[in-house]
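Reading through the structure tokens given below for one structure.
The values are calculated or read from the model by the stated rules, or taken from the named source; none is laboratory data. Since the structure is predicted, the reported quantities are computational estimates derived from the model, not experimental observations. Don't worry about glycine lacking a Cβ; one is built from the backbone with ideal geometry, like all the others, and counts go over all protein chains shown.
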């Protein structure tokens, strides 16, 4: 418990010293990122709570049937919703702590891919038209290519350019 308090105190100290060096716009960005992080944390907590309640309700009523794909689609859709929100919050925390650019293409593409995966999981193949499935597949392929291109691009480190 004492270590957590010391870590929190040192984080506030670091934030205070960083805050003095930031420009007005950088302070604005950091404030917005902090607010978004708080909002996303609340969303994650609520989504996790709903997932837990839904799972307990299904287990309590003995409705979980391995042969019923709709139940598993519903549960995995809820799990992926929580994962998408967690990834978004992680991206905001990276921005907050490392003072990187606000929009990072790799993180945005990863979140979009997770959202498409969620959409595929909850998709009812009997009710969905082939054109919708083809559109989702095309979007997934395009985002996969963009993610591969962005991931394969490695910017040179400052140490390497100074040598």
Between a first residue in the stretch 23-37 that is within 22 Å of residue 90 (Cβ to Cβ) and a second residue that is at pLDDT 80 or above and in a helix (DSSP H, G or I), which pairs have beta carbons less than 9 Å apart while being 6 or more apart in sequence or on different chains? 36/88; 36/89; 37/89
Residue identified as assigned to a helix (DSSP H, G or I), modelled with pLDDT of 80 or more, surrounded by 14 or more Cβ atoms within 10 Å (Cβ to Cβ) and over 12 Å from the mean Cα position of the chain (by Cα) among 33, 42, 82: 33
What is the residue count in the stretch 112-148 for residues that are assigned to a helix (DSSP H, G or I), at pLDDT below 90 and either more than 26 Å from residue 82 (Cα to Cα) or over 21 Å from the mean Cα position of the chain (by Cα) (or both)? 0
